[in-house]
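Undergrad: Quick one: the structure is below, questions incoming.
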Amino acid sequence: MTNPKGGGAMRASKRSILLAAVLLSLTLLAGCQGVSRKGNSTGVPVTLADGASTSEGAGVEIAGDTVTFTQGGTYRLSGTLTEGTLRVDTQDPVELILDGVAVKNSTGPALDVDGEGDLLLTLAEGAENTLTTAAEDPVVEAKGSVTLTGEGSLTLASESGHGLQSKGDVTVTGGSLTVTAAGGKAAVTVRLPP
């Protein structure tokens, strides 16, 4: 004959373990969602400066005032280019953490995403960021999806074209976005592939 008290204690213990496992799973899931929504807090440092931009890691090529990201990964940008461009040239996902960035390009997009990989723009907490173009091109032009998140601000200013143009989805999950587009131009456009 079994002891009913012992069986009850064992069932209660199994329920406690199961409940703990469920709570741990929910905690891990919430943590993962936080990373994907807010992005990483670190990344390869990239300092922008007219004629003197620098990077301390792989996946960044600098030619004059054109800074090109050639590998998927996370990059933390700061500084100013008064006449330059940021290019993403990879099929892999790229996260650019904007931490006090100002880039202006008079002849094309300030941020040109040539590769079809997805782009995550993370706005560092409290950082004010500005991307500007004087050309008829959009300020940000992307072939893949673009997600904007974080706790800073981003201003896209176009004197002649669109603010942001993407062939993929455009998603805003955080941060403050201000778009100024030329008269008659759309602030954000999404083009379906042919």
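Undergrad: For every other residue with a beta carbon closer than 10 angstrom to the beta carbon of ASP50, add +1 if it is Lys or Arg and -1 if Asp or Glu, then tell me the sum.
TA: That works out to -2.
Undergrad: State whether the range 133-181 is rounded, prolate or oblate according to the following rule on the C-alpha gyration tensor (a ≥ b ≥ c being the square roots of its eigenvalues): a/c under 1.5 gives rounded; otherwise a/b larger than b/c gives prolate, and the remaining case gives oblate.
TA: In terms of gyration-tensor shape, oblate.
Undergrad: Taking square-rooted eigenvalues a ≥ b ≥ c of the alpha carbon gyration tensor, is the range 41-105 rounded, prolate or oblate, where a/c under 1.5 means rounded and, failing that, a/b exceeding b/c means prolate?
TA: Here the range 41-105 falls in the prolate category.
Undergrad: Grab the other residues whose beta carbon is less than 11 angstrom from that of THR80, score K and R as +1, D and E as -1, and report the net.
TA: Surrounding charge for THR80 is -2.
Undergrad: Would you mind telling me the share, in percent, of accessible area of the range 38-124 contributed by carbon and sulfur at probe 1.4 angstrom?
TA: It is 46 percent, rounded to a whole number.
Undergrad: What's the FRET efficiency of THR178 with GLU61 using the Cβ-Cβ distance as r and R₀ = 22 Å, to the nearest 0.05?
TA: About 0.15, to the nearest 0.05.
Undergrad: Here's something else I'd like to know. Given labels modelled 7 Å from the Cα in the Cβ direction, how far is it in nm from GLU159 to THR54?
TA: That separation, rounded to one decimal, is 3.1 nm.
The values are calculated or read from the model by the stated rules, or taken from the named source; none is laboratory data. Just so you know, these numbers come straight off a predicted model, no measurement behind them. Counting neighbours? That spans all protein chains shown, and the Cβs are built from the backbone with ideal geometry, glycine included. Ligands, DNA and RNA are excluded from the accessible area calculation, which covers all protein heavy atoms including side chains. Shrake-Rupley method; radii C 1.70, N 1.55, O 1.52, S 1.80 Å.
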